[in-house]
Amino acid sequence: MQDIQRFERSLKDLEYFKDFQSVVSPKNNGQARATHMKKTHPRFNPLTDLNENQFRIKYRYTKENLRRIIEIVRDDLEIEYYEPLKREQVPIDLQILSAIRLWGGTEHPKLTAMAHGVSLRTLAKITRRVASVLSSKASRYIRMPATLSEKERMMCSFQAIANMPQVIGALLQTTVRFQPDNSATEDLDGENPFSAKEEELHLQIVCDAAHKIRDLDIRLIEEHSMLTDTEMFALSKIKERFEQNEFRGRILLGNEMVRCSSSLFTPVRFPRNQSEELYNHAHSITYASARKCLNLLMSRFGILGTEILGSHGSAKQTITALSILHNMAMEWADPSIVLRLQHHRHHNTLLRSPVESFLQQQSKGHKSRGK
């Protein structure tokens, strides 16, 4: 009986000692409380916490397709795990999700960082890493047709649009702004009073009839450079490949901003006969695939219409990564952006002014009476 009493007294003494220790060192006590708080507040998981429609708006993909992207990228991200991110303990899935949500450009970067429980600096590191891993897969997802059967298949898909033979791709050029590291990342929380100097990248894409990007050329536009689109095309590797007769008589379609050549067909500026008018009509219909490809890419990733934060190399990797993600969406027929574009077109039609509708009806009436 005395032994039991002694044991109980020793337990009480141990409790008193722990209480005293927590008072003497409040730092350890605070850490313990913080650890307890982390356990009781699980991290936000958009794959389970958002419904399908909300998820598509924020992440530009269906849940199923984004899970496929995560599986493709996961192993490489785990191998390339950097030490600065280990302290943040951000799961691989959330790293990929946060990067794609930031690239979607549907909200301010601070809101994206808050939604995933990370700082802006950590989010910047995450997006650079995800872009680096994705861009390393460019040779697999961005390539021109290599075999004869692939080339024939691509030509048939273009010819089915407006009966233009020998077309193997449509070429389009645009620019993307980026903010270099030396000015953009000095203070990501917006406390830097100095305005950052923006620079531009020249982006040239070659797409197929299914709106997939087949060739990508990204070049820095020098401050005093006045190169035209034709000169930019002359510097690209795709022109060199055509000059080396890799595609054997097949052609690309371009717009009026580039010069017509034996491998690049452009519209006739001033058609003089019916044949040239018919050619321009067929060219316009076939070339529309390039415009739609760029429209889908820019709509899915709004960051391309604003600016990319990072160095020249980092911005180049980001654009390459977005092109790969775009091709994945086209291959899997992801409906997220296509449905949104159709919704906006329908909404704009409903908002058309009554005067415009009346004039259209009048013109139709005049045509029918003329007949």
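Quick one: is residue 100 β-branched (Val, Ile, Thr), in a helix (DSSP H, G or I) and surrounded by fewer than 19 Cβ atoms within 10 Å (Cβ to Cβ)? It is false that residue 100 is β-branched (Val, Ile, Thr), in a helix (DSSP H, G or I) and surrounded by fewer than 19 Cβ atoms within 10 Å (Cβ to Cβ). Checking each residue in segment 147-169 for being under 26 Å from the mean Cα position of the chain (by Cα) and among the hydrophobic types (A, V, I, L, M, F, W, C) picks out 154, 158, 168. Residue 248 meets all of the listed conditions (1) surrounded by 15 or more Cβ atoms within 10 Å (Cβ to Cβ); (2) among the charged types (D, E, K, R); (3) under 24 Å from residue 161 (Cα atoms) but one, namely (1).
Matching residues to (1) touching a helix residue (DSSP H, G or I) at 6+ places or on another chain (Cβ under 9 Å); (2) open to solvent by 70 Å² or more (accessible area, probe 1.4 Å); (3) modelled with pLDDT under 75:
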| position | (1), (2), (3) |
| --- | --- |
| 201 | yes, no, no |
| 208 | yes, no, no |
| 212 | yes, no, no |
| 227 | yes, yes, no |
| 232 | no, no, no |
| 238 | no, no, no |
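The residues of segment 298-331 that are in a helix (DSSP H, G or I), within 19 Å of residue 207 (Cβ to Cβ), of a type in the set (A, V, I, L, M, F, W, C) and open to solvent by less than 20 Å² (accessible area, probe 1.4 Å), listed by number, are 304, 319, 321, 322, 324, 325, 328, 329.
Considering 268, 258, the condition of being assigned to a loop (DSSP other than H, G, I, E, B), in contact with a strand residue (DSSP E or B) (Cβ under 8 Å, 6 or more places away or on another chain) and of a type in the set (Val, Ile, Thr) is satisfied by 258 alone. Is it fair to say residue 120 is over 18 Å from residue 289 (Cα atoms), modelled with pLDDT of 95 or more and not hydroxyl-bearing (Ser, Thr, Tyr)? Considered against the rule, which asks whether it is over 18 Å from residue 289 (Cα atoms), modelled with pLDDT of 95 or more and not hydroxyl-bearing (Ser, Thr, Tyr), residue 120 comes out as no.
Residue check: is residue 218 at pLDDT 90 or above, in a strand (DSSP E or B) and surrounded by 21 or more Cβ atoms within 10 Å (Cβ to Cβ)? The answer is no for residue 218. Evaluate the following for residue 289: is it of a type outside the set (A, V, I, L, M) and either assigned to a helix (DSSP H, G or I) or touching a helix residue (DSSP H, G or I) at 6+ places or on another chain (Cβ under 6 Å) (or both)? Considered against the rule, which asks whether it is of a type outside the set (A, V, I, L, M) and either assigned to a helix (DSSP H, G or I) or touching a helix residue (DSSP H, G or I) at 6+ places or on another chain (Cβ under 6 Å) (or both), residue 289 comes out as yes. Exactly one residue out of 318, 266 is of a type in the set (S, T, N, Q) and in contact with a Cys (Cβ under 7 Å, 6 or more places away or on another chain), and it is 266.
For segment 168-199, the set of residues classified as among the acidic types (Asp, Glu) and at pLDDT 80 or above consists of 198, 199, listed by residue number.
The values are calculated or read from the model by the stated rules, or taken from the named source; none is laboratory data. Remember, predicted model here, so these are calculated numbers, not experimental data. Every residue, glycine as well, gets a Cβ built from its backbone with ideal geometry; the counts of neighbours run over all protein chains shown. All accessible areas refer to the heavy atoms of the entire protein, side chains included, with ligands and DNA or RNA removed. Shrake-Rupley method; radii C 1.70, N 1.55, O 1.52, S 1.80 Å.
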